[in-house]
1. Could you check how many residues of segment 72-102 are assigned to a loop (DSSP other than H, G, I, E, B) and in contact with a Phe, Trp or Tyr (Cβ under 8 Å, 6 or more places away or on another chain)?
2. Tell me the residue from Ala161, Ala184 that is assigned by TED's automatic domain parsing to the domain that holds Gly44, touching a Leu at 6+ places or on another chain (Cβ under 7 Å), small (Gly, Ala, Ser) and in a helix (DSSP H, G or I), please.
3. Restricting attention to segment 252-284, and to residues there that are in contact with a strand residue (DSSP E or B) (Cβ under 7 Å, 6 or more places away or on another chain) and hydrophobic (A, V, I, L, M, F, W, C), which single residue is surrounded by the most Cβ atoms within 10 Å (Cβ to Cβ)?
4. Identify all residues within segment 196-213 that are of a type outside the set (S, T, N, Q) and either closer than 17 Å to Gly51 by Cα or buried (at least 22 other Cβ atoms within 10 Å of the Cβ) (or both); write none if there are none.
5. I need a count of the residues in segment 87-125 that are of a type in the set (Phe, Trp, Tyr) and in contact (Cβ under 8 Å) with a residue 40 or more places away in the chain.
6. Tell me which residues, restricted to segment 25-39, are over 14 Å from Ile61 (Cα atoms) and surrounded by 15 or more Cβ atoms within 10 Å (Cβ to Cβ).
7. It is to be established whether one or more residues within segment 164-174 are in a helix (DSSP H, G or I), crowded, with 16+ Cβ neighbours inside 10 Å, without any contact (Cβ under 8 Å) to a residue 40 or more places away in the chain and not basic (Lys, Arg).
8. Considering only residues that are on the phi > 0 side of the Ramachandran plot and surrounded by fewer than 18 Cβ atoms within 10 Å (Cβ to Cβ), which ones fall in segment 79-126?
Amino acid sequence: MCRPQTSKQNYPSQVIAVIEIVDLCKSYGNVDALVDLNLKIKKGEVFGFIGPNGAGKTTTIKILATLTAPSSGEAYVSGYDVTEEPYKVRGLLGYMPDFFGMYDSLKVWEYLDFFAASYRMPQAERRDAIENVLSLTHLEEKAESFVAGLSRGMRQRLCLAKTLLHDPELLILDEPASGLDPRARVEIKELLNGLKDAGKTIFVSSHILPELSDICTTFGIIEKGNLLLSGSKEKIMEAIRGVRRIKAKVLSDTKKAASLIESEKGVGSIKIDGKEVQFEFNGSDLELARVFENLVTAGVLIVGFSEIETNLEDVFMKITRGELA
């Protein structure tokens with residue numbers, strides 16, 4: 001259960017993190033949505049927040065966006081407390097929710113002008129700001145189109161354009177690729193890569209792991225309100241490097257090859273996929289070489305023997321199944 005709220009810490013005068021979360025908890029009745037969450041995200045990082053539906057991703061985002069208060073703990077954006085200084089925080093971040101309202105009767109430029117005014121942007125500055133975000137999101141040709149006529153992908157881009165109007169330091173994006181077709185996902189991914197190259201700090205949540213793998217510099221994996229693992233992609237991959245996945249492509253009897261491999265020291269789960277035998281292995285390189293040598297000695301015709309690259313989805317499944325210490 002979440003602990004009662006305690007006194008605030010004194011945040012350091014020299015801010016080194018765009019986001020800092022300390023022992024953050026959120027409860028809804030008897031249900032703990034977040035349990036002692038701790039995170040620190042530096043300027044220029046693209047942080048991928050990964051977890052299944054109901055894991056606590058959106059709750060974390062709503063707290064950072066000053067839309068809901070934590071039950072206990074602290075959260076800061078560029079040194080400002082999200083509960084005590086919400087207006088300062090809102091001026092620094094751009095928030096793109098999973099589900100957002102669209103005013104179908106407005107034209108695209110009118111929609112953006114409305115939000116520019118909401119950000120209290122002087123009228124003289126709005127035209128340039130709108131032209132900039134339309135260009136960035138490749139919506140220039142849709143400026144005079146009505147919002148009602150936009151596709152799902154274009155609506156996502158328009159919401160991102162709205163989020164960028166006031167040139168925020170931090171972008172918080174909740175499932176930005178949700179519900180998009182493959183082409184629209186690629187377009188959103190390209191936009192995020194462009195923002196990454198421009199030096200924006202981005203906090204993005206998703207359960208679509210392949211997209212995040214190419215974009216993010218750091219990751220956090222959360223389930224049932226608990227942060228299971230966080231750090232750089234390299235750090236997370238290192239956590240499971242003790243168990244490697246190997247594939248051997250054979251021309252002869254795959255069942256015989258699988259049986260021989262299964263009998264070797266260090267071999268874990270094994271499966272046959274066409275002419276390939278895939279297996280987990282937790283031994284040394286020398287022990288793996290002996291597996292290969294023994295197959296050849298037994299008359300197995302091998303035309304390929306290599307390690308299967310571990311991806312972010314593999315990491316997520318292993319962690320959430322409790323296969324990592």
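1. 3
2. The unique qualifying residue is Ala161.
3. Val277
4. Answer for segment 196-213, where residues must be of a type outside the set (S, T, N, Q) and either closer than 17 Å to Gly51 by Cα or buried (at least 22 other Cβ atoms within 10 Å of the Cβ) (or both): Ile202, Phe203, Val204, His207, Ile208, Leu209, Pro210, Glu211, Leu212.
5. 6
6. Within segment 25-39, Ser27, Asp32, Val35, Asp36 meet the criteria.
7. no
8. Scanning segment 79-126 gives a single hit, Arg120.
The values are calculated or read from the model by the stated rules, or taken from the named source; none is laboratory data. Source: prediction; values computed, not measured. Cβ: placed from backbone, ideal geometry, glycine included. Neighbour counts: every protein chain shown.
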